[in-house]
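The values are calculated or read from the model by the stated rules, or taken from the named source; none is laboratory data. Please read all numbers here as calculations on a predicted model, not as lab measurements. Cβ atoms come from the backbone with ideal geometry, glycine included; neighbour counts cover every protein chain shown. Remember, those area values only see protein heavy atoms, side chains included, never the ligands or the DNA or RNA. Shrake-Rupley method; radii C 1.70, N 1.55, O 1.52, S 1.80 Å.
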Amino acid sequence: MSMRKAAPLAALAATALTLSACAQSDRDDSGSGGGDTDGTFTFGAAGAPEVFDPFYASDGETFRVTRQIFEGLVEVEEGSSEIGPGLAEKWEPSKDGKTWTFTLRKGVKFSDGETLDAQAVCDNFERMADQNETAQAGPAEYWAYSMEGFGKDSLYRSCEASDDQTVVLKIARATSKFPAMLSLSAFGIQSPKALEEGKANDVKKQGEGFAYPKNSENPVGTGPYTFDSYDEANKTVTLKRNDDYWGDKAKNAEIVFDIIPNESTRRQELEADSINGYDLPNPVDWKGLEDAGNQVEVRDPFNVLYVAFNPEKNPALKDLKVRQALDMAVNREQLVKSQLPEGATAASQFYPDTVEGYNKDLAVTKYDPEGAKKLLKEAGQENLKLTFAYPSEVTRPYMPNPQKIHEAIRKDFEKAGVKVEVVTKPWNGGYLDGVDNGQFDAWLLGWTGDYNSADNFIGTFFGNLKSNDFHTSATDFGSDLSKELKDADQTVDEAERTKKYEDLNKKIHDEYVPGLPISHSPPAIVVNEDVEGLVASPLTAERFSSVTVGGK
């Protein structure tokens, strides 16, 4: 998800259609080092975790916590977007790219004492593939997006434990995103014993949201930290060092995530030394924070802010002219200038220009409110009404102030004659569930890339016709777009694949308009002068085991 200040995006992870085997890890597996302090790193979190089982999560605040607890077969290397060894030391694809053989590390245990072996990994994949209808339609969305659904439609085919250290994963077709997708936090490997005892797959619908089983309160992974407690009343999550961790032990004995939704309050808590750092400081505060001795790490933008549409809920949005009118109604350049930090850019496409297949010939849609009115009139939608939602109690890398950004776009829509009903809900108090359940006509959301792949952006957004937030199944182009995305993703020749994505970006911009790409923003993370060892991530996916506070 985003970037260390000086790390070049040109070095981002190569996707996997090269079908090359992974080099042996040079990571120190001795288990020595670190673990020699009793300090506490207190981090100001922008929101509460949605759930502690990462498989059912889709938000950064959950993954920020679970990333310290769980590890995947492969991992994004610290400070970069390159994929490297995780629980698997190496891997080898078959010639057709459909069978992948992973060799696991030896001597790895879950924090409940269970051994990590090939069968444990396969138990995880079988568990992820075997979801009930409620989970398939809602919280298991990372699997739905990445594996393209469940059952016979899924990219996933099988997992076999050839021996204790060898995992053989079979997929339906070659894809540019494999095995990079296995680095996703959602696919962290969990203790099979905890999964079974916690009835991990027993997800139920509850009102507008979901009720999660006991396992979601008892996360058990192999990572450098273990879950200790979630104090909802005091809004803190506490993790303890895993002293039996197979690699370098965590420097600090404890991490406390202090949930402080208001960004100004997070800054005040940092200034008062109540917390040691927080993510996504307001850009207007960056200089002042640095002048006060804090360390502000600004990552290059690897994200997109967008307005999504739901043509199922509002059939007027099925009309291309309506979607084009809304596209023309937004003054992106002014929005970037007034609401986003230096380095932000207006978006013409649904991913930044550092990702394969970005079409450099496409321009940002010209702001034209009169043209928008004309198109709405031609579509017979001069009195178009939209419920347009934004999240409260949160700050996101692509959206430093949701309310102000929403207000600016709402006013642009209204200048084009659209009547807007404003809806706002807390990020984890109804907003994400509202998006999952299709409650809004239009809404603000965004995405920070998980790894450098066009498929990780537009494949995630529009690839799964049966389950995507843009509800493209209700449009006349959704099926074509889904097929075109799959075709591009499985194209082995890199030059040919790049051309296909360039052409697709033009179609999305000119002919489909499933939503509105708005901007790309550089997010920052700040820690105080006592903190050492923080490695900022281009993916906003920092791991905190290397952090020390006050030299201890």
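In the stretch 488-505, how many residues are more than 15 Å from residue 458 (Cβ to Cβ) and not charged (D, E, K, R)? Matching residues across the stretch 488-505 total 2. When 492, 435 are screened for being among the β-branched types (Val, Ile, Thr) and either open to solvent by less than 10 Å² (accessible area, probe 1.4 Å) or assigned to a helix (DSSP H, G or I) (or both), only 435 passes.
Of all residues in the stretch 97-107, those that are open to solvent by 10 Å² or more (accessible area, probe 1.4 Å) and over 22 Å from residue 176 (Cα atoms) total 2.
The set of residues in the stretch 403-443 that are more than 19 Å from the chain's Cα centre (by Cα) and among the hydroxyl-bearing types (Ser, Thr, Tyr) contains only 424. Residue pairs whose Cβ atoms lie under 8 Å apart, sitting 6 or more positions apart in sequence or on different chains, and linking a residue in the stretch 465-489 that is at positive phi to a partner that is open to solvent by 30 Å² or more (accessible area, probe 1.4 Å), are 471/312; 471/313. Open to solvent by less than 60 Å² (accessible area, probe 1.4 Å), in a helix (DSSP H, G or I) and more than 22 Å from residue 432 (Cα to Cα), is that true of residue 216? When the stated conditions are applied, residue 216 does not pass them. Filtered by the rule that a residue be part of a helix (DSSP H, G or I) and among the aromatic types (Phe, Trp, Tyr), the stretch 314-373 gives no residues. Taken together, the residues in the stretch 353-375 that are open to solvent by less than 70 Å² (accessible area, probe 1.4 Å) and either at positive phi or in contact with a helix residue (DSSP H, G or I) (Cβ under 8 Å, 6 or more places away or on another chain) (or both) amount to 14.
Can you spot a residue in the stretch 275-287 that is within 22 Å of residue 462 (Cβ to Cβ), within 26 Å of the chain's Cα centre (by Cα) and open to solvent by 30 Å² or more (accessible area, probe 1.4 Å)? No, the conditions are met nowhere in the stretch 275-287. Going through (1) open to solvent by less than 10 Å² (accessible area, probe 1.4 Å); (2) more than 22 Å from the chain's Cα centre (by Cα); (3) within 27 Å of residue 324 (Cβ to Cβ) one by one, residue 479 falls short only on (1). Only residues that are over 26 Å from residue 149 (Cα atoms) and either open to solvent by 10 Å² or more (accessible area, probe 1.4 Å) or not polar (S, T, N, Q) (or both) were counted across the stretch 512-524, and they come to 5. Among the residues in the stretch 335-347, are any touching a residue at least 60 places away in the same chain (Cβ under 8 Å), under 24 Å from residue 500 (Cα atoms), out of contact with any strand residue (DSSP E or B) (no Cβ under 7 Å at 6 or more places or on another chain) and not small (Gly, Ala, Ser)? Within the stretch 335-347 (the criterion being touching a residue at least 60 places away in the same chain (Cβ under 8 Å), under 24 Å from residue 500 (Cα atoms), out of contact with any strand residue (DSSP E or B) (no Cβ under 7 Å at 6 or more places or on another chain) and not small (Gly, Ala, Ser)), the answer is no, since none of the residues qualifies. Restricting 107, 97 to residues that are out of contact with any Ser or Thr (no Cβ under 6 Å at 6 or more places or on another chain) and modelled with pLDDT under 95 narrows the list to 97. Scanning the stretch 37-96 for residues that are charged (D, E, K, R) and either open to solvent by less than 10 Å² (accessible area, probe 1.4 Å) or part of a loop (DSSP other than H, G, I, E, B) (or both) yields 38, 50, 53, 59, 61, 67, 71, 77, 78, 82, 95, 96.
Any idea which of 175, 166 is open to solvent by less than 20 Å² (accessible area, probe 1.4 Å) and in contact with a helix residue (DSSP H, G or I) (Cβ under 7 Å, 6 or more places away or on another chain)? Step by step, each of 175, 166 is checked, and only 175 is open to solvent by less than 20 Å² (accessible area, probe 1.4 Å) and in contact with a helix residue (DSSP H, G or I) (Cβ under 7 Å, 6 or more places away or on another chain). Annotation: of all residues in the stretch 445-468 being open to solvent by 10 Å² or more (accessible area, probe 1.4 Å) and in a loop (DSSP other than H, G, I, E, B), the one that is nearest to residue 182 (Cα to Cα) is 450. Looking only at residues in the stretch 525-541 that are touching a helix residue (DSSP H, G or I) at 6+ places or on another chain (Cβ under 8 Å) and modelled with pLDDT of 95 or more, the one that is surrounded by the most Cβ atoms within 10 Å (Cβ to Cβ) is 526. For the stretch 219-235, which residues satisfy the criterion of being open to solvent by 20 Å² or more (accessible area, probe 1.4 Å) and aromatic (Phe, Trp, Tyr)? Selection gives 227, 230. The set of residues in the stretch 126-155 that are of a type outside the set (A, V, I, L, M) and buried (at least 20 other Cβ atoms within 10 Å of the Cβ) comprises 131, 138, 139, 141, 142, 143, 145, 146, 148, 150. Identify all residues within the stretch 98-119 that are touching a strand residue (DSSP E or B) at 6+ places or on another chain (Cβ under 8 Å), part of a loop (DSSP other than H, G, I, E, B) and of a type outside the set (Ser, Thr, Tyr); write none if there are none. Those that are touching a strand residue (DSSP E or B) at 6+ places or on another chain (Cβ under 8 Å), part of a loop (DSSP other than H, G, I, E, B) and of a type outside the set (Ser, Thr, Tyr): 98, 105, 108, 116, 117. Among the residues examined, residue 412 does not qualify as surrounded by fewer than 23 Cβ atoms within 10 Å (Cβ to Cβ), in a helix (DSSP H, G or I) and modelled with pLDDT under 95.
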